[in-house]
Amino acid sequence: MKKWIISVAGLIVGISLLYVPDTAEAGKKRTFEEDIKQDWAQKVCSNPESKVPPELLDKFLEEQKKLIKYPKSGNIYGDWKRGEKLFSNPKKGNCYACHCGDPKELACGNLGPNLKGYGKKKKDPEYTYRKIYNSWAYVPCSVMYRAGVHGRLTPEEIADIVAYLHSPESPINK
Amino acid sequence: MVIRYALIALLTSGMLGVSFGEEIKDPAEEVKKQKKLLLEVMGVLPGDLIAEEGKEYFHKKGPNGKSCASCHGKDGKGEKMPLVGAYATMPKYYKDIDKVADLDLRIKSCMEKYLGYDPKKISGKAGRKIIVPLATYVASLSNGMKFNVKLDHPKEKEMFEKGKELWYARVGKMDFSCAMCHDKYGGYRIRLQTLAKPKESKVMRYWPAYRYSKDKMWTMEDRIRGCYKQIKVTKPPFYHWAHVALQMYMAVNSNGGVVEVPGFVR
């Protein structure tokens, strides 16, 4: 009996040791002032027209393209089933907040275009990957957040969403 | 209490109806429907009850024996410093605190400076319980009057400029600004939530507002904090300059709008 208790206790301690808190979360609390600090591109986009001045456009696009990174494996076409979950997870991709297209997701928003049948119309998964990673490399100052740039999605996760959007098996294209 | 739970159940079932199945409803119609429903069930709107509560606080003595009414008169209608019409000119520069203040900050400052409240005790949630109803009541004293915020004092101009800057600033991990959702894409939906058009609706005229989806009274500070939370930016603390700045920008854009407080919103 005693042994049993000790081993359970040991297991609990072991599991708790495995849990290493996220360094960003662990330290001090972030402040509003820190969070409203802007990068160069955000500053450029902060105008009533939400447009990049023409003289800065080339530099803007070039810089944004430079920020795009690929998965270590080089594979930008992941698992559509994982992608499906990321698409509808408010804490991850949260894509459905603005895009309809998943037939199961009725609470979808309409800020962005409906993605139903996306893979039938668009045939270039790499473009999709790059657009999700950094929308501003294609549509400067777009309302679509730069998922990869901000690390909200990892390259691998973006690859999963690419598969979700392009795969003929995916509900998006059914 | 029972009525309150029945109400929440009713509202919740109403909202579930929106979430599952049925097509998306016209948001303005939905607000009207919920308002009617509440009136039928309760006989009174919750926002009006909160304004009443605020009226009680207005006449209640603070730790040093003074009440709001001691300076502003009964029902805020004193000969000196009346509050009728005051909200329609806010945010505003106040000499006694040497600050531009919105409703929340002005009320909190008065409580500390003239009613003897301990700043530590009212800076958090306990303070909100008094300040929100007071803000609702004080704002309602301007009902029927037109919003008329002027930028006469240099600090008011400065606040307006800061607010305008914040309004358009793309910030945080979602790259949002107030303007993206509420100017450019106002009227579109994020999930099922239709984005408000605060400039068009002259938003300051109907805040503080009762939010039926949360069964809570919110001042504009609560609303602004909610927005920042949603775009994943750390919320500015209550009474922070960002609240005053953004409200100054929205108030100038609300000029001409007729005050109708408490508002009733989703």
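The values are calculated or read from the model by the stated rules, or taken from the named source; none is laboratory data. Given the structure is predicted, the values throughout are model-derived calculations rather than measurements. Virtual Cβ from ideal backbone geometry, glycine too; neighbours counted across all protein chains shown. When the accessible area is computed, the model is the full protein with side chains, heavy atoms only, and any ligands, DNA or RNA have been set aside. Shrake-Rupley method; radii C 1.70, N 1.55, O 1.52, S 1.80 Å.
Checking B:K95 against (1) of a type outside the set (V, I, T); (2) farther than 21 Å from B:G65 by Cα; (3) touching a residue at least 24 places away in the same chain (Cβ under 8 Å), which test does it fail?
(3)
A:W80: open to solvent by less than 70 Å² (accessible area, probe 1.4 Å), touching a helix residue (DSSP H, G or I) at 6+ places or on another chain (Cβ under 9 Å) and modelled with pLDDT of 95 or more, yes or no? Steps first, answer last, please.
Values: open to solvent by less than 70 Å² (accessible area, probe 1.4 Å): yes; touching a helix residue (DSSP H, G or I) at 6+ places or on another chain (Cβ under 9 Å): yes; modelled with pLDDT of 95 or more: yes.
Answer is yes for this residue.
With (1) open to solvent by less than 20 Å² (accessible area, probe 1.4 Å); (2) outside any helix (DSSP H, G or I) as the list, and A:T128 as the residue in question, which single condition is left unmet?
Condition not satisfied by A:T128: (2).
Filter segment B:139-192 down to residues that are in the same structural domain as B:P236 (by TED's automatic domain parsing) and among the aromatic types (F, W, Y) and give me whichever is nearest to A:A147 (Cα to Cα).
B:F176
Return the total of residues in segment B:229-266 being open to solvent by less than 10 Å² (accessible area, probe 1.4 Å), more than 18 Å from B:K99 (Cα to Cα) and not in a loop (DSSP other than H, G, I, E, B).
2
If you scan segment A:131-174, which residues turn out to be in a helix (DSSP H, G or I), farther than 17 Å from A:S88 by Cα and open to solvent by 20 Å² or more (accessible area, probe 1.4 Å)?
Those that are in a helix (DSSP H, G or I), farther than 17 Å from A:S88 by Cα and open to solvent by 20 Å² or more (accessible area, probe 1.4 Å): A:K131, A:P155.
Any idea which of A:L115, A:L67 is out of contact with any Ser or Thr (no Cβ under 8 Å at 6 or more places or on another chain), more than 14 Å from every other protein chain (Cβ to nearest Cβ) and under 27 Å from B:K229 (Cβ atoms)? Don't jump to the end; show me each part of the working.
Working: A:L67 fails: more than 14 Å from every other protein chain (Cβ to nearest Cβ).
From the options A:L115, A:L67, the qualifying one is A:L115.
Note down all Cβ pairs under 6 Å where the first residue falls in segment A:51-75 and is within 20 Å of A:P155 (Cα to Cα), the second is open to solvent by 60 Å² or more (accessible area, probe 1.4 Å), and they're at least six residues apart or on different chains.
Cβ pairs passing all conditions: A:P71/A:E156.
So which of B:K92, B:K125, B:K77 ends up being surrounded by 15 or more Cβ atoms within 10 Å (Cβ to Cβ) and outside the structural domain of B:S254 (by TED's automatic domain parsing)? Can you show your working first?
Details: B:K125 fails: surrounded by 15 or more Cβ atoms within 10 Å (Cβ to Cβ); B:K77 fails: surrounded by 15 or more Cβ atoms within 10 Å (Cβ to Cβ).
Only one candidate passes the filter, namely B:K92.
Just name the residue that is farthest from the other protein chains (Cβ to nearest Cβ) out of those in segment B:145-176 that are open to solvent by less than 30 Å² (accessible area, probe 1.4 Å) and in a loop (DSSP other than H, G, I, E, B).
Restricting to residues being open to solvent by less than 30 Å² (accessible area, probe 1.4 Å) and in a loop (DSSP other than H, G, I, E, B), the top hit is B:F147.
Consider segment A:138-174. How many of its residues are more than 15 Å from the chain's Cα centre (by Cα) and not hydroxyl-bearing (S, T, Y)?
10
May I ask you to list the residues in segment B:191-208 that are aliphatic (A, V, I, L, M) and either surrounded by 20 or more Cβ atoms within 10 Å (Cβ to Cβ) or closer than 28 Å to B:N148 by Cβ (or both)? Outline the logic, then answer.
At the first step, the residues of segment B:191-208 found to be aliphatic (A, V, I, L, M) are B:192, B:195-196, B:203-204.
Within segment B:191-208, B:L195, B:A196, B:V203, B:M204 meet the criteria.
Only one residue in A:K85, A:K121, A:K131 is away from chain B (no Cβ under 12 Å), farther than 18 Å from A:K66 by Cα and under 16 Å from the mean Cα position of the chain (by Cα). Which one? It would help to see each step written out before you state the result.
On the way: A:K121 fails: under 16 Å from the mean Cα position of the chain (by Cα); A:K131 fails: farther than 18 Å from A:K66 by Cα.
Result of the check over A:K85, A:K121, A:K131: A:K85.
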